[in-house]
């Protein structure tokens, strides 16, 4: 009889344990684990090491209007529990990205989020326009915060009105779900989140890297050719967690948590603080299996906690003393 | 080309000199696919400090499923790695990168300086196994002193190569710089393979260009991922920046901008 018949899709959900699906605006994800831009190339780099079909979403390396060669070396340096990078946004440019990288990405069932960056408001709009309607692009993530390029990122990411203008320009140019990635290098990140919310963003992701530097005392030189760079890795997790918690309380938009996430516990902490999804970044470098392991670990956590649905734990941080 | 992430058991730990260590791992998947000049990324410890993997060229790879790495203790990562115990499981990713092209049959010269000798033993073994007459090939090895050189030199000699040595302190072979020995060798070879300190390689590349002998170099840089994702391991090529992890670590010397690397 029809009423008793369980449809196969439902059955799969029941058989595999807790429901870990999440929603970022109109973007539905099979699980909350995304790979952070700039740490996962264009995904194919990891095809032999990671089951890409098990990820919630893939955020590709930031794309600009024209190809960028990036900064001179040295570009990376390890620091305590973290690393500094000053890659300088090296990328193939939007046209070569669409022509050369999308075919492979389209072959995956995992949603592909394209991270975009520009030197001017118009440029952001133009990149978004070129990506709009490209088959296989599930959403845009707007990088307003990269600290490496003197002319670009910093100003947009540190001034609410500029961040809003970029958001509006991308919103106008594209109907794709729009995520704005926030910089932590500001006095009040909540102001930035509110500004892009008002300007039409569908979600915010945070945090991008914290600007830092490292010096070699023997040579008395900076360890990065660019002198300063972006700090990432477990060292920044407490800062990221604090900012996610503050932003999640202040805006109605879904928040994507980023910053030093290496384990399922890390991911869960961000979700308790209010994140609807998370991105794994630097961990992809030192443990390519991290993102997959986190997916599995989240399921284990929910089972252990007796929760049926991941969405039920979002923002359930207990802050009272009782 | 395929790479693997594997937990590998440390089978042997040999000190060739006070601060020079050779580790041998059970790494069947990596060993089967590895080619000379390729490298592995090693997580020296499971914790978060040091955070990043360390790249090591593959020193030896055997049909029995083992690979060896050779390194000098120079910092925190290598210090921890040198203290790992036989039986420990370490997380390795590899084989990575583009190795040496050694398809030719003409006489070749392998030139290694310091820990740059590491990948050349794997190359020497593969060349020997290809059935060539290794006595027509040359091997030039340089390092600080006899302690560091002797054990490695023996292994090349055992494969039938004519081995010449240079040491900084003169305790074995020529006292001085390895490129000093190249004059006599270059006229009789068609191909040079080299790995070692930058200044040594730059000198060798210059001599090879003058003698019109093809030269392949293996570069070492800081890397965060080793897989072409972080884009951190760039050096200057003649036509813009190149990535050591994917386009190398072995390059035809002509594509690199030696003055500014």
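Quick look at the numbers
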| item | result |
| --- | --- |
| Residue tally, condition more than 13 Å from residue A:285 (Cβ to Cβ) and facing another protein chain (nearest Cβ under 9 Å), over region B:48-58 | 1 |
| Yes/no for residue B:197 being over 21 Å from residue A:224 (Cβ atoms), surrounded by fewer than 17 Cβ atoms within 10 Å (Cβ to Cβ) and either within 13 Å of chain A (Cβ to nearest Cβ) or touching a strand residue (DSSP E or B) at 6+ places or on another chain (Cβ under 6 Å) (or both) | yes |
| Every residue from region B:1-18 that is within 14 Å of another protein chain (Cβ to nearest Cβ) and either buried (at least 17 other Cβ atoms within 10 Å of the Cβ) or part of a loop (DSSP other than H, G, I, E, B) (or both) | B:1, B:2, B:3, B:4, B:5, B:6 |
| Scan of region A:244-256 for residues that are buried (at least 24 other Cβ atoms within 10 Å of the Cβ), assigned to a helix (DSSP H, G or I) and in contact with a helix residue (DSSP H, G or I) (Cβ under 6 Å, 6 or more places away or on another chain), ordered by number | A:244, A:247 |
| Residue check, residue B:42 assigned by TED's automatic domain parsing to the domain that holds residue B:16, in contact with a helix residue (DSSP H, G or I) (Cβ under 7 Å, 6 or more places away or on another chain) and either more than 24 Å from residue B:149 (Cα to Cα) or part of a helix (DSSP H, G or I) (or both) | yes |
| Failed item in (1) assigned to a helix (DSSP H, G or I); (2) more than 10 Å from chain B (Cβ to nearest Cβ), with residue A:45 passing the rest | (2) |
| Residues (closer than 20 Å to residue B:46 by Cβ and in contact with a helix residue (DSSP H, G or I) (Cβ under 7 Å, 6 or more places away or on another chain)) located in region A:270-290 | A:280, A:283, A:284, A:288, A:290 |
| Candidates B:225, B:208, filtered to the one that is within 14 Å of chain A (Cβ to nearest Cβ) and either free of Cβ contacts under 8 Å to residues at least 24 places away in the same chain or over 17 Å from the mean Cα position of the chain (by Cα) (or both) | B:225 |
| Residue list for region A:51-71, filter: more than 9 Å from chain B (Cβ to nearest Cβ) and either outside any strand (DSSP E or B) or modelled with pLDDT under 95 (or both) | A:51, A:52, A:53, A:54, A:55, A:56, A:64, A:65, A:66, A:67, A:68 |
| Enumeration of residues in region A:298-313 that are surrounded by 15 or more Cβ atoms within 10 Å (Cβ to Cβ) and without any contact (Cβ under 8 Å) to a residue 60 or more places away in the chain | A:301, A:313 |
| Scope region A:106-124; condition surrounded by fewer than 16 Cβ atoms within 10 Å (Cβ to Cβ) and in contact (Cβ under 8 Å) with a residue 60 or more places away in the chain; matching residues | none |
| Matching residues, region A:282-297, being in contact with a strand residue (DSSP E or B) (Cβ under 6 Å, 6 or more places away or on another chain), within 14 Å of chain B (Cβ to nearest Cβ) and either under 23 Å from residue A:315 (Cα atoms) or without any contact (Cβ under 8 Å) to a residue 24 or more places away in the chain (or both) | A:291 |
| Selected residue (only one of A:275, A:267 is modelled with pLDDT of 95 or more and assigned to a helix (DSSP H, G or I)) | A:267 |
| Residue within region A:233-250 that is more than 14 Å from chain B (Cβ to nearest Cβ) and closer than 16 Å to residue A:23 by Cα present | yes |
| Selection count, region A:72-107, where residues are under 20 Å from residue B:261 (Cα atoms), outside any strand (DSSP E or B) and within 7 Å of chain B (Cβ to nearest Cβ) | 5 |
| Counted residues, region B:51-72 - those being assigned to a loop (DSSP other than H, G, I, E, B) and surrounded by fewer than 21 Cβ atoms within 10 Å (Cβ to Cβ) | 4 |
| Subset of region B:228-249 [more than 7 Å from chain A (Cβ to nearest Cβ) and under 19 Å from residue B:57 (Cα atoms)] | B:233, B:242, B:243, B:244, B:245, B:246, B:247, B:248, B:249 |
| Residue check for residue B:233: in contact with a helix residue (DSSP H, G or I) (Cβ under 9 Å, 6 or more places away or on another chain) and either surrounded by 15 or more Cβ atoms within 10 Å (Cβ to Cβ) or closer than 22 Å to residue B:40 by Cβ (or both) | yes |
| Count of region A:82-105 residues which are touching a residue at least 60 places away in the same chain (Cβ under 8 Å) and in contact with a helix residue (DSSP H, G or I) (Cβ under 7 Å, 6 or more places away or on another chain) | 2 |
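Residues are listed down the side, and each one gets a yes or a no for (1) in a loop (DSSP other than H, G, I, E, B); (2) modelled with pLDDT of 95 or more; (3) touching a strand residue (DSSP E or B) at 6+ places or on another chain (Cβ under 9 Å):
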residue	(1), (2), (3)
A:155	no, no, no
A:175	yes, yes, no
A:204	no, yes, yes
A:238	no, yes, no
A:241	no, yes, yes
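The values are calculated or read from the model by the stated rules, or taken from the named source; none is laboratory data. These numbers were taken from a predicted model, which means no experiment stands behind them. Heads up, the Cβs are rebuilt from the backbone with ideal geometry, glycines too, and the neighbour counts pull from every protein chain shown.
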